[in-house]
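First up is the structure itself, then whatever we jot down about it.
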């Protein structure tokens, strides 16, 4: 049973994936714990799957034919077997060396730990100002409508204990970008412990987010999450 599972959702990532997997492989080879890496190829139209297969058996490829980052992450989380299950963006904008900050003994007594680019100690590198302010505006809406008290719910690096992952991901109903807000909303209302961890974060061009169209969809998802909760659609199968 691995101590850590790294889940990498990947859509059209043939260019960035080789560098990312090479760095991850080098890092994990130096750690004292057992680990696994799962790449969830997410309806790509390029050689993403072939690139991931080149790193076998160190990397396990999951093919998810349908689009949606939330769908890919759910598939990876529920097929992983680690005690701790970490979502890792394919661009590796958080240096992989920082993953140990989310794990015991450096961090303990939590169910979900989320990377933050905003809390004290965090540093953003090279991010265009317009992207930063779009993100801050959305975070204001998230705090007002769904997840109060957290400064950065959208950073693509998050760690779940196995127990939290296996309880929460089957409740997930959003397959797109806002899946993590949904999971945090449900987790907090069910009593799970969530911590925010400051990180160094580096901006790399090539984001898959479409600023106008996806921002509108993410806003409507906030209303959808609240409506789903009122309708009792997030009833847990186990308690935290």
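Judged by the ratio a/c of the largest to the smallest principal axis of the C-alpha gyration tensor, segment 79-122 counts as oblate, that ratio being 1.5 or greater while a/b is no larger than b/c. Taking the Cα atoms of the chain, the ratio Rg/Rh between the radius of gyration and the Kirkwood radius comes to 0.93. Here segment 64-189 was treated as a single set of alpha-carbon atoms; its pair distances binned every 10 Å from 0 give 11, 44, 37, 8 percent.
The slack between residue 97 and residue 216, meaning 0.36 nm per residue of separation minus the straight C-alpha distance, is 39.4 nm. Mean projected area of the Cα convex hull of segment 92-160, taken over all directions, amounts to 5.3 nm². For the peptides 136-148, 170-182, the ranking by packing is 170-182, 136-148, with the highest mean count of neighbouring Cβ atoms within 10 Å listed first. Scaled against 2.2 N^0.38 Å for its residue count N, the alpha carbon radius of gyration of segment 19-99 is 1.06. With helices as the sole contributors, the chain gives -11000 deg cm²/dmol at 222 nm; each DSSP H run of n ≥ 4 counts as -39500 (n - 2.57), and the sum is divided by every residue. Put in order of Cβ neighbour count within 10 Å, fewest first, the listed residues 130, 203, 234, 192 become 130, 203, 234, 192.
Of 230, 101, 19, which has the largest mean-square fluctuation in a 10 Å C-alpha GNM of the chain? Top of the fluctuation ranking is 230.
Here, each number is a calculation from the coordinates, and none is a lab measurement. Just so it is clear, the model here is predicted, and its values are computed rather than measured. Neighbour counts are summed over all protein chains in view; Cβ atoms, including those assigned to glycine, are modelled from backbone coordinates with ideal geometry.
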